[in-house]
Amino acid sequence: MATRPWTVEGPVDLEFDDVTRERNRSELTDPHLKRRFRRKHPLRRGADYDEMVRALDFVWDCPADGSVNVTGFCCATCGRSRAEFL
Ligand SMILES: [Zn+2]
């Protein structure tokens, strides 16, 4: 799977509160991300950054266009919320 950079350009997703949104955004660049991931998923060794941020639910992939969006924001490309695809 080709890696695409995640984005925070989308509109705010009101299913999430500001605290969750900001936490997800800041944790994407947390230097201790790997340690947090290992604590939660001890068996998934060798996971790369893209796998980790998805497993920790910091980002979501838009099924319609493949945009990678920070959880708490709607899709930057089509503007839909994650819940619309569930
Ligand atoms: Zn989209």
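The values are calculated or read from the model by the stated rules, or taken from the named source; none is laboratory data. Note that the structure is a prediction, hence the values are computed from the model and not measured. Quick reminder, even Gly has a Cβ in these numbers, built from the backbone with ideal geometry, and neighbours come from all protein chains shown. Ligands, DNA and RNA are excluded from the accessible area calculation, which covers all protein heavy atoms including side chains. Shrake-Rupley method; radii C 1.70, N 1.55, O 1.52, S 1.80 Å.
Reported count of residues in region 15-30, each being open to solvent by 60 Å² or more (accessible area, probe 1.4 Å) and either charged (D, E, K, R) or at pLDDT 95 or above (or both), is 7. Of the candidates 85, 73, the single residue that is aromatic (Phe, Trp, Tyr) and under 11 Å from the mean Cα position of the chain (by Cα) is 73.
Looking at the structure I just gave you, is residue 77 polar (S, T, N, Q), surrounded by 15 or more Cβ atoms within 10 Å (Cβ to Cβ) and part of a loop (DSSP other than H, G, I, E, B)? Judged against the criteria, residue 77 is a match. Among the conditions (1) out of contact with any helix residue (DSSP H, G or I) (no Cβ under 9 Å at 6 or more places or on another chain); (2) open to solvent by 80 Å² or more (accessible area, probe 1.4 Å), residue 34 misses just one, which is (1).
Annotation note: Cβ proximity below 8 Å between a residue of region 65-81 that is farther than 18 Å from residue 54 by Cβ and charged (D, E, K, R) and a residue that is surrounded by fewer than 19 Cβ atoms within 10 Å (Cβ to Cβ) and at pLDDT 95 or above (sequence gap 6+ or interchain) occurs for 80/64. All conditions in (1) out of contact with any Asp or Glu (no Cβ under 8 Å at 6 or more places or on another chain); (2) within 14 Å of the ligand (Cβ to nearest atom); (3) on the phi < 0 side of the Ramachandran plot hold for residue 79, with the sole exception of (3).
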